[in-house]
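Undergrad: Would you mind keeping the following structure in view while I ask a few things?
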Amino acid sequence: MTSDKPKDFAGFWPRVGAWFIDAIVLAVVGCAIGWAFMDYVSPLGANGRAIGLGIGILYHGILGSSLGGGRTIGKRVLGLKVTGLNGKPLNLFAALWRALFLMGPAMLNGWYFKVADPILVQVLGVVAITAVFGIGLAQVYLILFGGPARRLVHDLVSGSVVVRAETREFPAPKMGVHAVVAGVLIAAAFGLALTGPSMLKAWMPSLATMVAPEQRVVDAVEKLPGIGDVSVQDNTMTVYSDGKQTTTRTLVVTATTGQWPADTNPLLARIGAETVRAYRFAPGQRLTVTIVHGFDLGIASYRNSRSAPYDPGCATADVRCVQK
């Protein structure tokens, strides 16, 4: 037999449903870990996604292999299983490889790497853009138009297919043009990742000078005790009211903290003071300081925060500089 039989392969809704159930299971696990170890994972910020990536790979890899019968909880509920093209369960290595391509794009989306080595930063950036946009778009295309077998990128790279649990034999799934389209999407994203930064610098030569002052703030605030991940945004907002135009420019400094203090004002003041010492404010520019306590594991997240305006003319970490 050479043609696909829809009844042998998992349909669109069963696959989406199994993914949704598995996402809920991983979210429960992530929340349990995040709440139990919040003071440790909170300073990690987005880097906590490395934990979620590891959990997701082990979950889908072990259960998706011969050790788990090729069936995650979601697949068991909806009567599906993962097999190799020979109809046999995947070995553990192939299943873990499959799980990496399944979980990677989702975990990399929103994961901002803080690495000192500029070459490593470029490599990670290329990987992230290729995975999020290239593999992500390829997944959407394949699940919608990939034929009865609906082999997604993680199926193609691992030589697997998702079939109904009762299936013993199935015809060799045909991909042809669908695999080519998926490859083109991934290649296009890879090309964009390689050429995008240089093109952006050519179009916006002032970008480097704009980023440098904000990086100084990040470096200064990260040195404070108990502070983890730090981000800085220079926001400009224009409001039109009664025929008048009002423009405000605000520097927003957000810092994660390992423990939530009983009184947040001293910590806000220290962050504000370090920012004022490291940054030259434009006339009329405002400063807002935000502290965050929570976790971002990719598979689950929680955020408790407090924001307050800070006097840009105050560099002494005085709590009276934290404006109500």
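The values are calculated or read from the model by the stated rules, or taken from the named source; none is laboratory data. These figures come from a predicted structure and were not determined experimentally. Reconstructed Cβ throughout: ideal geometry from the backbone, glycine too, with neighbour counts over all protein chains shown.
Undergrad: Which of the residues spanning the range 188-200 are modelled with pLDDT under 80 and within 21 Å of the chain's Cα centre (by Cα)? Break it down stepwise before answering.
TA: As a first pass, look at the range 188-200 and keep what is modelled with pLDDT under 80: 196-200.
Once the filter is applied, which keeps residues that are modelled with pLDDT under 80 and within 21 Å of the chain's Cα centre (by Cα), the range 188-200 yields Gly196, Pro197.
Undergrad: Looking only at residues in the range 251-287 that are touching a Leu at 6+ places or on another chain (Cβ under 7 Å) and among the hydroxyl-bearing types (Ser, Thr, Tyr), which one is nearest to Asn47 (Cα to Cα)?
TA: That would be Thr257.
Undergrad: Next up: Pick from the range 252-276 the residues that are touching a helix residue (DSSP H, G or I) at 6+ places or on another chain (Cβ under 6 Å), in contact (Cβ under 8 Å) with a residue 60 or more places away in the chain and among the polar types (S, T, N, Q): which of them is nearest to Pro312 (Cα to Cα)?
TA: Thr256
Undergrad: So, one more: Just give me the residues in the range 137-187 being charged (D, E, K, R) and within 26 Å of the chain's Cα centre (by Cα), in sequence order. First the steps, then the outcome.
TA: Quick first cut of the range 137-187, residues charged (D, E, K, R) only: 150-151, 155, 164, 166, 168-169, 174.
Listed by number, the residues that qualify are Arg150, Arg151, Asp155.
Undergrad: Given the conditions (1) over 30 Å from Pro105 (Cα atoms); (2) without any contact (Cβ under 8 Å) to a residue 24 or more places away in the chain, report the number of the one that Cys314 does not fulfil.
TA: (2) is the only condition that Cys314 fails.
Undergrad: Another one. Name the single residue, out of those in the range 75-89 being in contact with a Lys or Arg (Cβ under 9 Å, 6 or more places away or on another chain) and of a type outside the set (Lys, Arg), that is nearest to Cys31 (Cα to Cα). Break it down into steps so the answer makes sense when it comes.
TA: Of all residues in the range 75-89, those in contact with a Lys or Arg (Cβ under 9 Å, 6 or more places away or on another chain) come to 75, 78-82, 87, 89.
The next check asks that each one be of a type outside the set (Lys, Arg); those that pass are 78-80, 82, 87, 89.
Details: Leu78: 24, Gly79: 27, Leu80: 27, Val82: 27, Gly87: 36, Pro89: 31 Å.
The qualifying residue nearest to Cys31 (Cα to Cα) is Leu78.
Undergrad: Say we look at the range 201-254 and pick out the residues that are charged (D, E, K, R) and in a loop (DSSP other than H, G, I, E, B); which of these is modelled with the highest pLDDT? Walk me through how you get there before you give the answer.
TA: Initial filter on the range 201-254 (charged (D, E, K, R)): 201, 214, 216, 219, 222-223, 229, 234, 242, 244, 249.
Now restrict to residues that are in a loop (DSSP other than H, G, I, E, B): 223, 242.
Numbers: Lys223: 92, Asp242: 74.
Taking the candidates together, the pick is Lys223.
Undergrad: Which of the residues belonging to the range 165-193 are touching a residue at least 60 places away in the same chain (Cβ under 8 Å) and surrounded by 14 or more Cβ atoms within 10 Å (Cβ to Cβ)?
TA: Initial filter on the range 165-193 (touching a residue at least 60 places away in the same chain (Cβ under 8 Å)): 165-174, 189-190, 192-193.
Ala165, Thr167, Phe170, Pro171, Pro173, Lys174, Ala189, Phe190, Leu192, Ala193, listed by residue number.
Undergrad: Another question about this same structure. Tell me whether the range 298-306 contains one or more residues that are closer than 30 Å to Met103 by Cα, under 24 Å from the mean Cα position of the chain (by Cα) and exposed (fewer than 13 other Cβ atoms within 10 Å of the Cβ). Explain how you work it out, then say what you get.
TA: So in the range 298-306, the residues closer than 30 Å to Met103 by Cα come out as 298-305.
Next cut, under 24 Å from the mean Cα position of the chain (by Cα) only: 298-305.
Filter once more, so that each one left must be exposed (fewer than 13 other Cβ atoms within 10 Å of the Cβ): 303-304.
Within the range 298-306 (the criterion being closer than 30 Å to Met103 by Cα, under 24 Å from the mean Cα position of the chain (by Cα) and exposed (fewer than 13 other Cβ atoms within 10 Å of the Cβ)), the answer is yes, since at least one residue qualifies.
Undergrad: Restricting attention to the range 228-252, which residues are closer than 16 Å to Val289 by Cα and of a type outside the set (Ser, Thr, Tyr)?
TA: Selection gives Gly228, Asp229, Val230, Val232, Gln233, Asp234, Asn235, Arg249, Leu251, Val252.
Undergrad: Out of the range 272-324, which residues are assigned to a loop (DSSP other than H, G, I, E, B) and either farther than 18 Å from Val217 by Cβ or assigned by TED's automatic domain parsing to the domain that holds Gly48 (or both)? Let's see the steps before the verdict.
TA: Just the residues of the range 272-324 that are assigned to a loop (DSSP other than H, G, I, E, B), to begin with: 279-285, 297-300, 311-318, 323-324.
Of everything in the range 272-324, those that are assigned to a loop (DSSP other than H, G, I, E, B) and either farther than 18 Å from Val217 by Cβ or assigned by TED's automatic domain parsing to the domain that holds Gly48 (or both) turn out to be Pro283, Gly284, Leu297, Gly298, Ile299, Ala300, Asp318, Gln323, Lys324.
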